[in-house]
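Contents: one structure, followed by commentary.
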């Protein structure tokens with residue numbers, strides 16, 4: 001006698017689909033949670049904070065502006081890596097454009113000295129910041145040495161004034177959170193042998209300024225870190241700038257500076 005086929009109860013397929021749906025939803029939820037918990041700074045903690053006091057009001061322009069200067073450019077290539085595969089002017093511009101994006105997302109206005117491969121004099125760079133009455137000036141560079149030395153350093157005026165020291169320290173602290181080969185310090189003056197000689201862009205700008213040396217372009221590890229973390233470095237630098245502006249706002253220093261420059 002032939003066996004009769006058993007018929008599924010009507011609710012069984014519906015129940016199966018429901019269970020599959022619940023399982024898929026659970027997997028998606030776990031995936032979203034995992035992404036939210038992931039450290040997007042490549043395994044390094046990075047404090048990200050937004051600031052509401054940088055806008056004049058809804059739909060209004062930012063109240064504060066930073067000049068971002070990508071060092072070298074055009075006929076001036078800057079330093080070249082040990083294997084000639086990296087040119088400083090290109091790294092500087094790539095980072096400067098990333099920094100502009102991060103600053104704008106926070107609510108800070110940005111003036112760029114260059115957005116392409118243009119040759120600029122030091123005077124032109126300073127004049128851009130001065131003409132736009134920028135509140136801070138950041139000059140982006142990459143260092144060069146003997147191929148062994150590595151790390152990040154930040155240069156400010158030799159007098160080490162309060163707000164330039166704050167600017168350099170705030171940026172450096174956040175870069176360390178991302179991960180750098182070595183903190184070479186916030187230094188006054190310049191890398192030349194002469195004492196008390198500042199970099200032109202620091203000594204000729206009236207707003208607090210710094211020259212950021214983002215690792216050595218002739219150092220293998222610094223180049224690897226720069227390539228891997230340049231977005232996070234831009235975020236960290238933007239947060240350091242924002243923290244400094246916030247401190248200056250609380251102290252009334254920006255208003256005081258504007259009173260003397262207008």
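Below, the figures for the structure above:
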| item | result |
| --- | --- |
| Sorted by Cβ neighbour density within 10 Å, fewest at the top, the residues 218, 246 | 246, 218 |
| Packing-based exposure ordering (other Cβ within 10 Å, fewest first) of 84, 237, 115 | 84, 115, 237 |
| The stretch 158-262, relative contact order in percent, only Cα pairs under 8 angstrom and at least six apart counted | 36 percent |
| The stretch 117-192, relative contact order in percent, only Cα pairs under 8 angstrom and at least six apart counted | 34 percent |
| Hull-based mean projected area of the stretch 65-261, where the convex hull spans the alpha carbons, in square nanometres | 10.2 nm² |
| R0 of 30 Å, Cβ-Cβ distance residue 187-residue 60: FRET efficiency to nearest 0.05 | 0.20 |
| 128, 94 arranged by Cβ crowding within 10 Å, fewest neighbours leading | 94, 128 |
| Difference of contour (0.36 nm per residue) and Cα-Cα distance, residue 119 to residue 250 | 43.4 nm |
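Laboratory data are not the source of any read-out in this text; all were calculated from the coordinates shown. Keep in mind that what you see is a predicted model, and the values were worked out from it rather than measured. All Cβ positions, even for glycine, are placed from backbone atoms using ideal geometry, and neighbour counts span all protein chains on display.
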